[in-house]
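Right, one structure below, let's go through it.
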There are 2 protein chains.
Amino acid sequence: MKIDDIRAADICLEGYVHRTPLLTSSFLDDIAGKRVFVKPECLQHTGSFKFRGAWNAISKLTDAQRKQGVIAFSSGNHAQGIAMAATAVGAPSVIVMPSDAPRQKIDNTHALGGEVVLYDRVSEDRDQIGAKIASDRGLTLIKPFDNYDVIAGQGTVGLEIAREARAAGVDAASVLVPCGGGGLTAGIALALEAEAPDFRAIPVEPEGFDDVARSLASGKIERNARLSGSICDAIITPSPGELTFPILKRLCSPGLVVQEAECLHSMAAAFNCLKIVVEPGAAVALAAALFHAEQIDSDTVIAVVSGGNVDGPVFADALTRYA
Amino acid sequence: MKIDDIRAADICLEGYVHRTPLLTSSFLDDIAGKRVFVKPECLQHTGSFKFRGAWNAISKLTDAQRKQGVIAFSSGNHAQGIAMAATAVGAPSVIVMPSDAPRQKIDNTHALGGEVVLYDRVSEDRDQIGAKIASDRGLTLIKPFDNYDVIAGQGTVGLEIAREARAAGVDAASVLVPCGGGGLTAGIALALEAEAPDFRAIPVEPEGFDDVARSLASGKIERNARLSGSICDAIITPSPGELTFPILKRLCSPGLVVQEAECLHSMAAAFNCLKIVVEPGAAVALAAALFHAEQIDSDTVIAVVSGGNVDGPVFADALTRYA
């Protein structure tokens, strides 16, 4: 996988994605004691960065594949990205989602034209379910992170960060990225390596689901003990991917781990200071910037907010407790 | 006042404002039955478009004026814009605010370096209070809308809308603008007249505070019967301005009026579909697009979201009722 794949994805996405701006607030700088930029991918189509990789992967389908349709398994953000991109090109889409996914994610995936199939996150294996339906119906499986076209699409976030940070006069920074399977983090790390070599990608995870941090520490793929039970539903993937982990290992700094309460607090801070809606799993990077600044060397931090698909009651609860 | 004043403001603001993107959601299109674009000025510095006019006006101060300081009267958004811009150039700022302004607006104005003076919205006249303090301390008064430098700064929103809509392939549209004293609406209308003549600005107000709609209908400046008692605190100005009204009268279509409940519903819709935080007064234009589409001729609507400075409990209440 090369930087040219990400550059090609960037051209493929032009005119179809929202180019999200870097946001700032002096109030966030004060909390962190550092200069903080936020890349708000919650403002992306479908409410998360996942539309980028989905669009890039679906644009590579053959006519026959497009006609037959695609399948994806996802807790809800990849789901919506695939459903919207597939519908846009006239392809049927089947989305395999955990039954405990946020209501909004399930409803929106359906509304965007996806056929939703629910499974139990603890007792069933989404990979097996997805593979079987794909085989039965002749669908093309688009994995959420272990797919180079998907990684290249997510990497366009890194190209934009490099461009926008340069325009803002930033020469070096830690780029904190919410990390599930590692597609977004790997894509950003590759883009930064080529376009902003003094920027360093750092994966961030919630406590109890820190498979990437432990994998980076041990040098081999580690798994989470639990597969559910976090408010950070978007990023509680069992382990880093086969394709993503070698990239993370080569390019990323050690992973950071944050508490769920820090995520809720960061959601309230983003509400107050940036006027954006952040979902819990997408708040981990901002939480690391705000509450773990002492673990970050650089004076400038760019925190990726990877999505905003959170149910109203969860968001209202975060505001009630922390706004 | 000429388009060149707005173009000059645009250059003055370059590098200091967030260039906010036009956002879209197929879900909003479905509700409205039209193509809906949203210009999210809640993402602007200080959480509202007011920073634009404040920055432009403050950039025109002489060295002596800057040293002496500025004064503004505002329900909270102009307040924060002036406080931040003044602090950035090293000028002291006094901000006269109604005592019933949202807590967040008062706190943030103070945190941005403003000296806050509270007054009673019903029994006291903010213009008189502001004029007296300005005279006593030799401060330069920067009015919230009846100031051509402020109008020119707000007009840069219109330049951006023209540029971004053209890039999105839009040739004609109704541009719905939350309207208090009319600074933003007038600035946008002037920008569109020059840059996108097939776009038409339409002021939108909450029921009971529709002074601009009635003024446009009668052809002369009308006042609101009440001066408080709305959740739309940002735009319950007593009447359109002496400078803004002639511009509105010449360039705008008849005003639209929405219900408070429609504002809260629109805040929830923006939360669900766009992942942005909208304050009640800034939601009137989106509310008109979503719930009064039959009153709008064009197939394409661009709704300006003018700010996002809303207290947590108010926002949580909107989500509980409508999300």
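Considering A:Ser99, A:Ser93, A:Ser123, which residue is farther than 17 Å from A:Gly180 by Cβ and out of contact with any strand residue (DSSP E or B) (no Cβ under 9 Å at 6 or more places or on another chain)?
Unique residue meeting the criteria: A:Ser123.
Might you let me know whether segment A:221-235 holds any residue that is surrounded by fewer than 21 Cβ atoms within 10 Å (Cβ to Cβ), away from every other protein chain (no Cβ under 14 Å) and part of a helix (DSSP H, G or I)?
no
Only strands (runs of 3 or more DSSP E) wholly contained in segment A:1-103 count here; list those with 2 or more residues that are closer than 26 Å to B:Gly47 by Cβ and modelled with pLDDT of 95 or more.
The strands (runs of 3 or more DSSP E) meeting that bar are A:35-40.
Within segment A:185-220, which residues are assigned to a loop (DSSP other than H, G, I, E, B) and in contact (Cβ under 8 Å) with a residue 24 or more places away in the chain?
Passing the criteria: A:Ala196, A:Asp198, A:Glu207, A:Phe209, A:Asp210, A:Gly219.
Of the conditions (1) over 15 Å from the mean Cα position of the chain (by Cα); (2) of a type outside the set (Phe, Trp, Tyr); (3) under 25 Å from A:Val38 (Cα atoms), B:Leu139 satisfies every one except a single condition; which number is it?
(3)
For every residue, the table says whether it meets (1) within 12 Å of chain B (Cβ to nearest Cβ); (2) modelled with pLDDT of 95 or more; (3) surrounded by fewer than 24 Cβ atoms within 10 Å (Cβ to Cβ); (4) within 28 Å of B:Gly47 (Cα to Cα).
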{"position": "A:Arg250", "(1), (2), (3), (4)": "no, yes, yes, no"}
{"position": "A:Ser253", "(1), (2), (3), (4)": "no, no, yes, no"}
{"position": "A:Cys263", "(1), (2), (3), (4)": "no, yes, no, yes"}
{"position": "A:Val284", "(1), (2), (3), (4)": "no, yes, no, yes"}
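Filter segment B:9-26 down to residues that are farther than 17 Å from A:Tyr16 by Cα and either more than 8 Å from every other protein chain (Cβ to nearest Cβ) or among the hydrophobic types (A, V, I, L, M, F, W, C) (or both), then give me how many there are.
9
Can you confirm whether segment B:223-231 contains a residue that is among the aliphatic types (A, V, I, L, M), in contact with an Asp or Glu (Cβ under 9 Å, 6 or more places away or on another chain) and at pLDDT 95 or above?
No, because not a single residue in segment B:223-231 is among the aliphatic types (A, V, I, L, M), in contact with an Asp or Glu (Cβ under 9 Å, 6 or more places away or on another chain) and at pLDDT 95 or above.
Give the residue that is surrounded by the fewest Cβ atoms within 10 Å (Cβ to Cβ), with candidates limited to residues of segment A:294-323 that are assigned to a loop (DSSP other than H, G, I, E, B) and more than 11 Å from chain B (Cβ to nearest Cβ).
Among those residues, the one meeting the criterion is A:Asp297.
Filter segment B:83-132 down to the residues that are among the polar types (S, T, N, Q) and surrounded by 14 or more Cβ atoms within 10 Å (Cβ to Cβ), then identify the one that is farthest from the other protein chains (Cβ to nearest Cβ).
Checking each candidate, the answer is B:Ser93.
Please go through segment B:106-151 and give me each residue that is touching a residue at least 60 places away in the same chain (Cβ under 8 Å) and in a loop (DSSP other than H, G, I, E, B), ordered by number.
The answer is B:Leu112, B:Arg121, B:Val122, B:Gly138, B:Leu139, B:Ile142, B:Lys143, B:Pro144, B:Phe145, B:Asp146, B:Asn147.
For B:Arg166, work out the one condition from (1) assigned to a helix (DSSP H, G or I); (2) surrounded by 24 or more Cβ atoms within 10 Å (Cβ to Cβ); (3) modelled with pLDDT of 95 or more it doesn't fulfil.
Looking at each condition in turn, B:Arg166 falls short on (2).
With the structure loaded, tell me whether B:Val277 is under 22 Å from B:Gly158 (Cα atoms), in contact with a strand residue (DSSP E or B) (Cβ under 7 Å, 6 or more places away or on another chain) and within 14 Å of chain A (Cβ to nearest Cβ) or whether it fails that test.
Against the criterion (under 22 Å from B:Gly158 (Cα atoms), in contact with a strand residue (DSSP E or B) (Cβ under 7 Å, 6 or more places away or on another chain) and within 14 Å of chain A (Cβ to nearest Cβ)), B:Val277 qualifies.
Among the residues of segment B:29-69 satisfying the criterion of being touching a Lys or Arg at 6+ places or on another chain (Cβ under 9 Å) and either more than 30 Å from B:Ala134 (Cα to Cα) or among the charged types (D, E, K, R) (or both), which is farthest from the other protein chains (Cβ to nearest Cβ)?
That would be B:Asp29.
The values are calculated or read from the model by the stated rules, or taken from the named source; none is laboratory data. Only a predicted model underlies this, so the values are computations on that prediction, with no experimental measurement involved. Counting neighbours? That spans all protein chains shown, and the Cβs are built from the backbone with ideal geometry, glycine included.
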